[in-house]
Amino acid sequence: MFVSTKSYDTRSGFSIAYRQWRADSHCRYLHGYALGFEFEFESETVDVRNWVVDFGSLKTLKDFLEQYFDHTLLVAQDDPELEFFKEIDRRGIAQVREVEKTGCEGLSDFLFEYVNEIWLPENGYSNVFCRKVRVIETEANSGWVEFTKQSWYSHKLKLDDIERRQKYD
């Protein structure tokens, strides 16, 4: 297996704020981080240049990261104050981005799915899989999602099955 990695450290300018509204601790309040990101790509083969991915092609991935994580306020879709946050976005007070889940693990999950389901296919990487996405809050705190290609597709099938069952309950 061939592997390549791409990192954006916490000095890359990805400044965000969010809260964990379900937390009993001080994490339930808005707080900010300069996030870092790490991506691991794998392929059974390399291209004609002997690369898994062309690092130059990652500019569009960085553009996506900037859209979501450059001076933005991330709000979980189930946050009871979502409408309030949408209003401060409408008023130009914050650039609010709705995400399914906040926190390192939730954001890793969001990016993992985006890279594998959207970014790689749109950029012609049919033989490449992003096996790990890590989101770094601080030097001491990070979280990640890591799957093999086979376990990712099994995981997706389980989630799809759960979603279908909930739809008809």
Legend entry - Rounded to whole Hz, the Karplus (6.51, -1.76, 1.60) HN-Hα couplings of the stretch 31-43, x for glycine and proline: 8, x, 8, 9, 6, x, 9, 9, 10, 10, 10, 10, 7
Legend entry - Extension gain from Ala94 to Asn123, taking 0.36 nm per residue of separation minus the Cα-Cα distance: 7.3 nm
Legend entry - Sequence-separation-based contact order of the chain, relative, with Cα cut under 8 Å and 6+ spacing, percent: 24
Inset, instruction - Would you please put 84-90, 104-110 in order of how densely packed they are, using the mean number of other Cβ atoms within 10 angstrom per residue and starting with the highest? - result: 104-110, 84-90
Legend entry - Over the stretch 1-47 - Rg/Rh using Cα atoms and the Kirkwood inverse-distance radius: 1.25
Inset, instruction - Kindly write out, for the stretch 135-141 in residue order, the coupling ³J(HN,Hα) from the Karplus curve 6.51 cos²θ - 1.76 cosθ + 1.60 (θ = phi - 60°), rounded to whole Hz, with x marking Gly and Pro. - result: 10, 10, 8, 9, 4, 9, 10
Inset, instruction - Return the percentage of antiparallel bridges among DSSP beta bridges fully within the chain, rounded to the nearest 5 %. - result: 80
Legend entry - Interchain or long-range residues, amide H under 5 Å from Gln20's placed H: Arg28, Tyr29
Inset, instruction - Using only Cα atoms, figure out Rg for the chain and give it as a multiple of 2.2 N^0.38 Å. - result: 1.12
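Computed from the coordinates by the stated procedures, all read-outs in this text should not be read as laboratory data. These numbers were taken from a predicted model, which means no experiment stands behind them. FYI the Cβ positions are ideal-geometry reconstructions off the backbone, even for glycines, and counts take in every protein chain you see.
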